[in-house]
Amino acid sequence: MAEPETRDALAQVLIANDGEVLGRLRLSAAEAARVCNVTPRQLIYWTKKGLVKPSADGEHDYDVYAMEKVIRIRQALEKGHSLEKAAQVVQREMGALQAEAHRLDEMSPDALEDELRSRLERLESRIGELRRALPASLTIARLRKAVAVLARLDAQGALDNSGANGDTAKAVALRLGRAIDELEMLLREVQPASV
C-alpha cells in the first residue's frame, strides 16, 4: 500500500473539520517518542527498519500519521507480538482503516446517514451492556484489592505469627486470586466484542 494513499485515508478518519492543525503538526523524534510513550531509541530504530516513516516535510520530524502508527505498534508489542508481527498487524489495521474510509466516502448521503445511525444504535447498546456489567467489574476490583492487601500482609510477615490463621489466610488469598481470574475470563467471554 502506498504511503500517500494511507495518509489520505487516515486524514479522513483522524482529522475532523477543525483538524488542520493536527495535519500540520510535526514533532522531533524525542517529542514524538514522548507523546507516543516509547523511547527515542525505539522510534529511531523503527524508523531505520522502515516500520515508521518521518513526515515528508522533514527528515527527523514525525507527523500525526507516523505517531498513530508508532502508538499502534507499541500497543501490539504490549499484547505480546514480536516487532515484525506488530508491524504486520498495524499494516493490516491501517489497510482496513483506509478501506473503510474509502467505503464511507463512496456512500450516498442517505446510505451514510443510515450507516451512522446504525453505528450509533450499536454504541448505545454497548454502553447499556457496559453499565450492566460495571457492578461486577467493581466487585472484582474490590476482590483484587483484598487479595493485594493479603499479599502485602504476607510479604511483611504479618501472617506468619498468626499460626493456623495465617496459613488459612494465605490459602484463602491464593484461592481467591484464582477465582477472580476465572471470573474475569468468564465476564470477557459473556460480554460481546466491541463495536
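The values are calculated or read from the model by the stated rules, or taken from the named source; none is laboratory data. Worth saying up front: this structure is predicted, and the values here are computed from it rather than measured. Every residue, glycine among them, receives a Cβ derived from its backbone with ideal geometry; neighbour counts consider all protein chains shown.
General remarks:
- When each of Leu51, Leu43 is tested for being among the hydrophobic types (A, V, I, L, M, F, W, C), assigned to a loop (DSSP other than H, G, I, E, B) and at pLDDT 90 or above, the lone residue that passes is Leu51.
- Selected residue [over 20 Å from Ala99 (Cβ atoms) and either more than 16 Å from the chain's Cα centre (by Cα) or at pLDDT 90 or above (or both)] from Arg72, Arg26: Arg26
- Of all residues making up region 50-90, the number that are among the acidic types (Asp, Glu) and under 17 Å from Glu5 (Cα atoms): 3
- The residues in region 50-97 that are free of Cβ contacts under 8 Å to residues at least 12 places away in the same chain and closer than 19 Å to Ala29 by Cα can be counted, and the count is 4.
- Residues being over 13 Å from Lys69 (Cα atoms) and of a type in the set (S, T, N, Q) - total across region 31-41: 1
- If you go through region 47-93 and keep only what is within 18 Å of Ala32 (Cα to Cα), surrounded by 12 or more Cβ atoms within 10 Å (Cβ to Cβ) and among the charged types (D, E, K, R), you end up with Lys53, Asp61, Asp63, Glu68, Lys69, Arg72, Arg74.
- Residue list for region 98-115, restricted to those being small (Gly, Ala, Ser) and under 23 Å from Leu25 (Cβ atoms): Ala101
- Set side by side, the residues Ala87, Ala56, Ala76, Ala111 differ, and just one is of a type outside the set (Ser, Thr, Tyr) and either part of a loop (DSSP other than H, G, I, E, B) or touching a strand residue (DSSP E or B) at 6+ places or on another chain (Cβ under 6 Å) (or both), which is Ala56.
- The C-beta contact set for region 26-40 (first residue in the same structural domain as Ser55 (by TED's automatic domain parsing), second residue surrounded by fewer than 14 Cβ atoms within 10 Å (Cβ to Cβ) and of a type in the set (A, V, I, L, M, F, W, C), distance under 9 angstrom, 6+ apart or interchain) comprises Pro40/Ala30.
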